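Visitor: Pasting in a structure now, in structure tokens, and then I'll have a few things to ask.
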Amino acid sequence: MKVFVAGATGALGRALVPQLLARGHEVVGMTRSASKQDLVRSLGARPVVADALDPDAVAQVASAEPEVVVHQLTALSGPMSVRDARHLERSLAFTITNRLRTEATDHLLAAGRAVGARRFVAQSFGAWRFARTGGPVQTEAEPLDPDPPAALRPGLAAILHLEQAVTTIEWGEGLVLRYGSFYGPGTGISLAPDAVMAAPIRRRRFPIVGEGGGVWSHVHIEDAAAATAIAVERGQTGVYNVVDDEPAPVREWLPVLATALHAKPPRRVPRWLGRLAAGEMATVMMTEVRGASNDKAKRELGWRPRHASWRQGFAQGLG
Ligand SMILES: NC(=O)c1ccc[n+]([C@@H]2O[C@H](COP(=O)([O-])OP(=O)(O)OC[C@H]3O[C@@H](n4cnc5c(N)ncnc54)[C@H](OP(=O)(O)O)[C@@H]3O)[C@@H](O)[C@H]2O)c1
């Protein structure tokens, strides 16, 4: 099939394009920057240049007439400070990402519809969104947090817009993939010196807050890309959690990640101090959030993560 990947140069896009080609698809890869066309070519895709926030430009490049449109646009790969984490709603990365998840989603959907595409697969994010009640691991059917921390609200509203817009299209199948926290090459958790989340862990500035009971779901970037490549071909309209087999509390996975990054063990700080230093949202993430189940993706997509657990994944898959 002809597949149009918006965000072909991103962490996920770079892993996805080769997997799509290996499955026999033809790929058109969108970037905003003329200078990144060679990167798209080197991945094996045909580059097109457009700003996803410009509906006319998106319509024009989509005239490549893809059968499937894949939406992997975010602006989250830049550095993030503690101040950003305190006020996520004010950070530039999230302000732009929210526009990519709302306006750009609408532009891509309109373009896909206009050119007769029959499937749309979009990046979403599951962590931090589930209601903080019930069990530690939740399915796609379970409710979202009715009262999220204030700093998260605009971002969660943007993700919800994307999920609702994609899963209600009438011209084809609309699949939303709620990825876990990415790790592996090109992501915020990798061996690269500038990896956004690895850097504070190495400096011991990413402590376990309170009991560290917040449950996180991780996924290796190549496994996330593999699930996406399958979703291009298979699966039904709806939401899929794309996470590994072992959602786990921060107190379990963070020390293992620190070891894999050759860092000293994380410090521990009481909840009140965590809240004072990093704010409500970070404290909730460290102490209360719930993880996600991948049963549906395994059942309906036939996907199996190669890094079934972060335990092996952090040790073997960060480079
Ligand atoms: N995904 C999440 O929810 C999340 C959450 C927290 C942290 N992270 C971390 O952040 C990184 C995110 O990886 P990612 O693959 O999602 O993002 P990414 O690596 O930043 O890739 C973003 C993609 O979107 C494209 N893009 C952005 N704005 C665009 C615009 N206006 N028009 C056209 N294209 C545009 C970029 O293209 P060009 O630059 O080529 O134009 C690039 O291909 C990872 O390191 C991950 O660990 C992710």
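Visitor: Got a sec? Which residues in the stretch 279-313 would a label at Glu252 touch, if it sits 7 Å along Cα→Cβ and we count backbone N under 17 Å?
Guide: 286-295, 307-313
Visitor: If you stretched the chain out fully between Glu26 and Gln312, how much longer would it get, using 0.36 nm times the residue separation minus the C-alpha to C-alpha distance?
Guide: Fully extending the segment from Glu26 to Gln312 adds 99.7 nm.
Visitor: A further question on this structure: Residues in the stretch 167-191 near a label at Glu65, defined as backbone nitrogen under 20 Å from the 7 Å Cα→Cβ point?
Guide: 171-173
Visitor: With r defined as the distance between the Cβ atoms of Trp272 and Arg90 and R0 fixed at 30 Å, what FRET efficiency is calculated, to the nearest 0.05?
Guide: 0.80
Visitor: A follow-up question, please. How large is the convex hull of the C-alpha atoms of the stretch 175-221 per residue, in Å³?
Guide: Cα-based convex hull of the stretch 175-221, divided per residue, equals 87 Å³.
Visitor: Can you give the translational diffusion coefficient of the stretch 90-134 in µm²/s, computed by Stokes-Einstein from the Kirkwood radius over Cα pairs at 4 °C and 1.567 mPa s?
Guide: 101 µm²/s
Visitor: Once you sort the root eigenvalues of the Cα gyration tensor of the stretch 126-216 as a ≥ b ≥ c, which label holds: rounded (a/c under 1.5), prolate (a/b larger than b/c) or oblate (the other case)?
Guide: Judged from the Cα gyration tensor, the stretch 126-216 comes out oblate (a/c at least 1.5, b/c at or above a/b).
Visitor: Taking the Cα centroid of the stretch 129-173 and of the stretch 249-281, what is the distance between the two, rounded to the nearest whole Å?
Guide: The stretch 129-173 and the stretch 249-281 have Cα centres separated by 26 Å.
Visitor: How high is the relative contact order of the chain? Use alpha-carbon pairs under 8 Å, at least six apart in sequence, and give a whole percent.
Guide: 19 percent
Visitor: Find out how many positive minus negative residues lie around Glu246, taking Lys and Arg as positive, Asp and Glu as negative, among other residues whose Cβ is under 12 Å from that of Glu246.
Guide: Charge balance near Glu246 sits at -2.
Visitor: Let me ask something additional. Test of understanding: what is the full-extension gain from Arg234 to Arg204, defined as 0.36 nm times their sequence separation minus their Cα-Cα distance?
Guide: Stretched out fully, the Arg234 to Arg204 stretch lengthens by 6.5 nm.
Visitor: May I pose another question? About its Cα centre, what dipole magnitude does the chain give when the only charges are +1 on Lys and Arg Cβ and -1 on Asp and Glu Cβ, stated in debye to the nearest 20?
Guide: Dipole magnitude for the chain comes out near 1120 debye.
Visitor: Next up: Quick one: net charge of Glu140's neighbours, Cβ under 15 Å, K/R +1, D/E -1?
Guide: For residues surrounding Glu140, the net value is +1.
Visitor: What nm distance separates the two modelled labels at Leu144 and Ser77, each placed 7 Å from Cα along Cα→Cβ?
Guide: Placing both labels 7 Å along Cα→Cβ, they lie 2.6 nm apart.
Visitor: To the nearest 10 square angstrom, how much accessible area does Met197 have with a 1.4 angstrom probe?
Guide: My reading of the accessible area for Met197 is about 40 Å².
Visitor: May I ask you to list, by number, the DSSP H helices of the chain whose Cα span along the axis is at least 27 Å and whose average Kyte-Doolittle hydropathy reaches 0.0 or more?
Guide: Taking the DSSP H segments of the chain (at least 27 Å long, mean hydropathy at least 0.0), we get 92-114.
Visitor: Now, a different point. How much of the DSSP beta bridge set in the chain is antiparallel, as a percent to the nearest 5?
Guide: Approximately 10 percent, going by the DSSP bridge assignments.
Visitor: Give the residue from Phe130, Pro148, Ala158 lying farthest towards the positive end of the charge dipole for the stretch 118-162; charges sit on Cβ (+1 for Lys and Arg, -1 for Asp and Glu) and the dipole is referred to the Cα centre.
Guide: Ala158
Visitor: Further question on the same structure: What is the magnitude of the charge dipole of the stretch 161-303 about its Cα centre, with +1 placed on the Cβ of each Lys and Arg, -1 on the Cβ of each Asp and Glu, and no other charges, expressed in debye to the nearest 20?
Guide: 960 debye
Visitor: Using the Cα atoms of the chain to build a convex hull, what is its mean projected area in square nanometres?
Guide: 14.5 nm²
Visitor: Can I ask one more? Please compute one quarter of the surface area of the Cα convex hull for the stretch 4-140 and express it in square nanometres.
Guide: 9.9 nm²
Visitor: What percent does the relative contact order of the stretch 1-53 come to when contacts are Cα pairs within less than 8 Å and at least six residues apart?
Guide: With pairs under 8 Å counted, the relative contact order is 36 percent.
The values are calculated or read from the model by the stated rules, or taken from the named source; none is laboratory data. These numbers come from a predicted model, not from an experiment. Cβ coordinates were reconstructed from backbone atoms using ideal geometry, including for glycine residues, and neighbour counts include every protein chain displayed. The area values use the complete protein model at the heavy-atom level, side chains included, leaving out ligands, DNA and RNA. Shrake-Rupley method; radii C 1.70, N 1.55, O 1.52, S 1.80 Å.
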